[in-house]
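Reading through the structure tokens given below for one structure.
Bear in mind these aren't lab numbers, they're just calculated from the coordinates by the rules spelled out. Every value quoted in this text rests on a predicted model; they were computed, and no experiment measured them. Neighbour counts are summed over all protein chains in view; Cβ atoms, including those assigned to glycine, are modelled from backbone coordinates with ideal geometry.
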Amino acid sequence: MTTWIILGRTTLPAIPKSVGEARRFAAAVLGGSEHTATAQLLISEACTNSVKHSDSRHGGSFNITLYDCGGCLRCEVIDAGAATTPTRRNGTELRDHGHGLVLIEALAARSGYDTDSSGRLTTWFELT
């Protein structure tokens, strides 16, 4: 079994300004890694979902953890969850939002989400 090493962890308020802070956090932790740009983009998408759709947006926060999984980078964004689960938008209509899960699925080697018994949502992806 591969040991996961925590590269970095932070907690941010679930407000729009924190999405940029999350990207800067990823850049600081990952430095010049080959995964930095993609991780920043996908973290931005996952954090935007936390800020816009989770119950964290009502004065709460979200956590970001970056792991070295021995050959891959795993990123997790944990928020308070919501009454609904993340939904991938299908269709070809033009829109300026709703592409977050599509981007995560397209660019990550693996991705998904999990909820715990308290309703918290973990959105995760792995880059190889």
Exercise for the section: Take every Cα-Cα pair in the chain and report what % of them are more than 18 Å apart. Expected result: 50 percent
Handout entry: Amide H within-cut-off set for GLY60, under 5 Å, with H built and near neighbours excluded
Key = ALA14
Problem - Student exercise, the chain dipole from Lys, Arg, Asp, Glu Cβ charges, in Debye to nearest 20 - result: 220 debye
Practice task
Tell me what the chain gives for mean residue ellipticity at 222 nm when only DSSP H runs of n ≥ 4 count, each as -39,500 (n - 2.57), the sum divided by the residue total, rounded to 500 deg cm²/dmol.
Solution key: -10000 deg cm²/dmol
Exercise for the section: Quickly rank 10-18, 74-82 as a protection proxy: mean count of other C-beta atoms within 10 Å, highest first. Expected result: 74-82, 10-18
